[in-house]
């Protein structure tokens, strides 16, 4: 079973594009994976094209051997878009090997620990505040909108939500200076009093809507420095936060924050491979290590999770992509013993379900694990072609 062809396909997903890798063998089997160039990965498709000649003609079942060689030939530029391309190839190889054996991918990784995976509603209100037009979803502008959205989370069966920092009012905006988005705070990344007040009001509104039994997570991304992250954490401690999510390249600074707040700390979604994660474990920087499995590859992600387990650290997948990535992450979540919870984005464009043949099954805020071979779905190429990618 030799690799005959490697292609990538792209679809409009509203505020970004979805990107898919198609790996075809000489006997007609197809392995799929999802990656993403819209979030920090510009150039991944070009790197895949550059790596493709190294894998054409190889045995598609030997995914460990292929991934080891791809890492070696790009060792001096490892990480970044290089690792994202290797991860996309690894994931397509896992899919095709599992299909050849007629089993789900999780059987290649030791079999499932669980068949139901608890989900949290991610970017709750964020997409409605920032991209309602592009995604054709309701807009969010006021605290009452946050209350109403909290009620919607409960009505749709979710038991947890994650939100970002909003500044609401006449000129409402998503507070995201770490990504140079509109509003104050860039490039200083300081946490000013108006931001504290805004996030406290926002969390109070969500809690009013959800009631007392829904867990609330807060994602701060790269939007502050160490001082600001700690100030925000202390400001929102009274809201009984499930975790506070912080992106920082400094493992010791993150340990400093974690040691001075009562809120559990999650981080690491922008890291690549076990070597990147090691200082965060050694410095006791996190309660939950977030792993991007499209970037790292699901098999490598399971190895990172095993490493985390040795340090008494839980893991959670970074999953704000399309349905294929959700199912890829479901296989990861199924096999790792130290899973905390799984991310998902319910706010999506109207054609979202059409892009795959079998969308994930979600019941009572949980994903039901599929027993279909491979990832459990195929990309619907006709639907992808019907929604061509847009330049942004």
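The values are calculated or read from the model by the stated rules, or taken from the named source; none is laboratory data. Given the structure is predicted, the values throughout are model-derived calculations rather than measurements. Here the Cβ positions follow ideal geometry from the backbone for every residue, glycine too, while neighbour counts run over all protein chains shown.
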Among the numbered conditions (1) touching a residue at least 60 places away in the same chain (Cβ under 8 Å); (2) touching a helix residue (DSSP H, G or I) at 6+ places or on another chain (Cβ under 9 Å); (3) surrounded by fewer than 22 Cβ atoms within 10 Å (Cβ to Cβ), tell me where residue 206 comes up short.
(3)
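If you take just the helices (runs of 4 or more DSSP H) that sit entirely in the range 10-117, which of them hold at least 2 residues that are more than 24 Å from residue 303 (Cα to Cα) and free of Cβ contacts under 8 Å to residues at least 60 places away in the same chain?
The qualifying helices (runs of 4 or more DSSP H) are 44-55.
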Name the one entry in 138, 177 that is free of Cβ contacts under 8 Å to residues at least 12 places away in the same chain and either assigned by TED's automatic domain parsing to the domain that holds residue 363 or buried (at least 20 other Cβ atoms within 10 Å of the Cβ) (or both).
138
Mind checking which helices (runs of 4 or more DSSP H) fall wholly inside the range 244-299 and carry at least 3 residues that are surrounded by 23 or more Cβ atoms within 10 Å (Cβ to Cβ), assigned by TED's automatic domain parsing to the domain that holds residue 233 and in contact (Cβ under 8 Å) with a residue 40 or more places away in the chain?
293-296
Counting just the residues of the range 309-323 that are more than 30 Å from residue 13 (Cβ to Cβ) and part of a helix (DSSP H, G or I), which one comes out nearest to the chain's Cα centre (by Cα)?
309
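Mind listing whichever residues of the range 232-243 are part of a helix (DSSP H, G or I) and in contact with a strand residue (DSSP E or B) (Cβ under 6 Å, 6 or more places away or on another chain)?
233 - this is the single residue of the range 232-243 that is part of a helix (DSSP H, G or I) and in contact with a strand residue (DSSP E or B) (Cβ under 6 Å, 6 or more places away or on another chain).
Restricting the range 357-370 to residues that are in contact (Cβ under 8 Å) with a residue 12 or more places away in the chain and touching a strand residue (DSSP E or B) at 6+ places or on another chain (Cβ under 6 Å), which is surrounded by the fewest Cβ atoms within 10 Å (Cβ to Cβ)?
In this case the residue turns out to be 368.
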From the list 347, 353, which residue is modelled with pLDDT of 95 or more and over 17 Å from residue 32 (Cα atoms)?
347
If the requirement is being at pLDDT below 95 and either assigned to a helix (DSSP H, G or I) or buried (at least 17 other Cβ atoms within 10 Å of the Cβ) (or both), which of these qualifies: 196, 229?
196
Options 88, 92, 100: the member that is more than 23 Å from the chain's Cα centre (by Cα), within 16 Å of residue 30 (Cβ to Cβ) and buried (at least 17 other Cβ atoms within 10 Å of the Cβ)
100
Candidate set: the range 17-42, residues that are out of contact with any strand residue (DSSP E or B) (no Cβ under 6 Å at 6 or more places or on another chain) and at pLDDT below 95; chosen: the one surrounded by the fewest Cβ atoms within 10 Å (Cβ to Cβ)
42
